[in-house]
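Q: Before we start, here is the structure in question, set down as structure tokens.
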Amino acid sequence: MSAHNGFRLASGPRGAEQLGGLLAVALRGMETGVLERGGPLPAGGPAVVSAALAAAGGGTGRLPREGIGEERALEEMSRLLGLGSADPAHPHCAAHLVCSSLAVSVAADVVASALNPSMDVWELAPMASEIERDFTTGIAGLCYPAESSPDAVVTSGGTESNLLALLLARTLIEGDLQVVCGANAHHSVTRAAWILGLPTPVVVACEDDRMVPAALEAALEPLGSSTLVVATAGTTNTGRIDPLPEIAETCRRFGARLHVDAAYGGLALCSEELSRRLKGIELADSVTLDMHKFGWQSIAAGLLATRNARDLGALKISADYINASDDVDAGLPDLLGRSIWTSRRADAFRMAVTMSALGTDGLGRMVEHCCTTAQEVAAEIDRRPGLRLWKRPSLSTVLFRPTVLDDLPSTAGDALVGRIRRELLNRGTAIVGRAALPDTKDGHRKLWLKLTLLHPNASGADYRPLLDQVVAIAAQEQAGLVESR
Ligand SMILES: *Cc1c(COP(=O)(O)O)cnc(C)c1O
């Protein structure tokens, strides 16, 4: 290849200019698609999405021999993605712990993508690794303000952070590790134990979706000290926070290690008011955080903080072509041991830019806003005779059921909850989640509709039309007017 081939590259002296031109094309395509879609997701279900791709000449499953050119491909496919995406910037995209990304973060990510630092080798990421170091040290200080040497590493999300927490425990604990977690724990905890070849976790009973300390004590009694207890600060189903001080005290008495999965609730530490609910988190040996939930980052933006920087030494590894000992002795930072990955994106850059732009106070106010919105929506549900509220929200998750379900047998009621959810998806008007929780009366699991509110600009009133729709569909479904699918 000669130097005058003319491929447009994203970096170098002409990078900004070349990228800028194409970005304008891509964003124009995206905007056209988003406006065509209108609602929070494309109406009509999977078949309509496949048809849209086919109509644009795609969907053949064959790679093209000849390209259509950069501008055309970018504009057309960005239009398709805009048209066919679920859009968390719409308040009614409220099912899952996925937020809309702050534009400032995405803009920063364009720069990181263009410069493409690889976080495994210092010489490929001199400033990116310095910024990551500074940011992760700050995150560690957020979790462990009173510790002298906490640390944190960047991960691809809560799943990997939990896996790392188990891996560190397996390496640091003497004897064969047994994981103990609440019945409310995220599925990634059990999966991490499976990946690492550990025994299936011992599951501790919950009440109100919170771990029961007495049940934890009973579970730890026969196990000895080779245990890792995983508590949750912000459960995926309900946003409940385990009683962390009691759990930490129990762990201390039994000599067990403690990990807190705060993938959902962790960034509430940015709010002075909300951080009180997380009291005790600083007693954990490690903490999972996720900035693609509260944090308003694009996926993936996970973190794992440890009380003791030394614990992360368990990840140390040397590869002569990356971190040769004479290079390290000569003062080149050793980055390879800060992840289980080798090549790794500079995801910390956009997180650091966001932090620099908003500060912890700014992020804290955003988290507070979502929790206030959840209280408003809960109060609105409580006021409506057609809806039943599960319980007051702890963070920003609101669970409810239409009251017409009360008179149905539980399997029929659950089936109807599923149909209401799918009808909303099919209409393209709302993405509402679901959560199965033990009933307070008989302990059997019952299905609830779930709103997980992460919209920093929406308020309670924005959810009234959504609630109206749920009530109307429930009535129609119950009357058998809408065909079951
Ligand atoms: C979201 C979540 C996870 C998983 O995080 P990912 O970023 O999706 O991998 C783990 N634990 C809890 C409590 C969560 O809410």
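Q: Report relative contact order for the chain in percent, whole number only (criteria: Cα-Cα under 8 Å, sequence separation at least 6). Before the final figure, lay out each step's value.
A: Values: 902 pairs, mean separation 89.9, N = 485.
Value for the chain: 19 percent.
Q: Suppose every K and R has +1 on its Cβ and every D and E has -1 on its Cβ; what is the size of the dipole of the chain about the Cα centre, in Debye to the nearest 20?
A: On the way: 45 positive and 56 negative charges, 268 e Å.
Approximately 1280 debye in magnitude.
Q: Just for the Cα atoms in region 364-484, what are the lengths along the principal axes, largest first, rounded to whole Å?
A: Sorted from largest, the Cα extents of region 364-484 read 44, 34, 22 Å.
Q: From zero outward in steps of 10 Å, how is the percent of C-alpha pairs of the chain spread across the bins?
A: In whole percents, the pair-distance histogram is 4, 17, 25, 26, 19, 8, 2, 0.
Q: Oh, and also: What accessible surface, in Å², does a 1.4 Å probe find on residue 31, ignoring ligands, DNA and RNA and rounding to the nearest 10?
A: Surface accessible to solvent at residue 31 totals approximately 110 Å².
Q: While we're on this one: Among the GluC sites (Glu not before Pro) in region 220-306, which ones are in a DSSP loop with at most 16 other Cβ atoms within 10 Å of the Cβ? Mind listing them?
A: Passing sites in region 220-306 do not exist.
Q: In whole percent, how big is the carbon plus sulfur part of the accessible area of region 142-187, probe 1.4 Å, protein atoms only?
A: Numbers: 850 of 1740 Å².
Within region 142-187, the accessible surface is 49 percent carbon and sulfur.
Q: Moving on to the next point. When Rg is the radius of gyration of the Cα atoms in region 246-396 and Rh is its Kirkwood radius, what does Rg/Rh come to?
A: Numbers: Rg = 20.0 Å, Rh = 18.4 Å.
Dividing the radius of gyration by the Kirkwood radius yields 1.09.
Q: Let me ask something else about it. Once phi is turned into ³J(HN,Hα) by the Karplus curve 6.51 cos²θ - 1.76 cosθ + 1.60 with θ = phi - 60°, what whole-Hz value does each residue of region 286-298 show in order, with x for glycine and proline?
A: For region 286-298, the Karplus-derived couplings read 8, 9, 8, 10, 9, 8, 8, 10, 5, x, 6, 10, 5 Hz, x marking Gly and Pro.
Q: Let me cross-check residue 210: its accessible surface, 1.4 Å probe, with only protein heavy atoms counted, in Å² to the nearest 10?
A: Approximately 90 Å² of residue 210 is accessible to the 1.4 Å probe.
Q: What full-extension length gain, to one decimal in nm, is calculated for residue 427 and residue 51 as 0.36 nm per residue of separation minus the Cα-Cα distance? Don't skip to the answer; put the middle values down first.
A: Values: separation 376, 0.36 × 376 = 135.36 nm, distance 1.65 nm.
Between residue 427 and residue 51, full extension yields 133.7 nm more.
Q: Of 68, 250, 5, which is farthest towards the positive pole of the chain's charge dipole, taken about the Cα centre with +1 and -1 on the beta-carbons of Lys, Arg and Asp, Glu respectively?
A: 68
Q: Set Lys and Arg Cβ to +1 and Asp and Glu Cβ to -1, take the dipole of the chain about its Cα centre, and tell me which of 34, 349, 114 lies farthest positive.
A: 34
Q: Enter the Cα centre distance for the pair region 275-338 and region 382-396, rounded to the nearest angstrom.
A: Region 275-338 and region 382-396 have Cα centres spaced 38 Å from each other.
Q: Taking only protein heavy atoms and a 1.4 Å probe, what accessible area per residue, in Å², does the chain have with all protein chains in place? Numbers along the way, then the final one.
A: On the way: 22970 Å² over 485 residues.
Dividing the accessible area of the chain by its residue count gives 47 Å².
Q: Does a label point 7 Å from the Cα of residue 410, set along Cα-to-beta-carbon, have any residues of region 417-446 with amide nitrogen under 14 Å, and which are they?
A: 436-446
Q: Taking a threshold of 18 Å on the Cα-Cα distance, which of the pairs 279/391; 391/450; 279/450; 293/450 fall above it?
A: Working: 279/391 22 Å; 391/450 12 Å; 279/450 26 Å; 293/450 16 Å.
In this structure, 279/391; 279/450 exceed 18 Å between Cα atoms.
Q: With +1 on each Lys and Arg Cβ and -1 on each Asp and Glu Cβ, how big is the dipole of region 110-360 about its Cα centre, in debye rounded to the nearest 20?
A: On the way: 19 positive and 31 negative charges, 99 e Å.
It comes to approximately 480 debye.
The values are calculated or read from the model by the stated rules, or taken from the named source; none is laboratory data. Note that the structure is predicted; figures quoted are calculated from it, not measured. Every residue, glycine as well, gets a Cβ built from its backbone with ideal geometry; the counts of neighbours run over all protein chains shown. Just the protein is used for accessible areas: all its heavy atoms, side chains included, with ligands, DNA and RNA removed. Shrake-Rupley method; radii C 1.70, N 1.55, O 1.52, S 1.80 Å.
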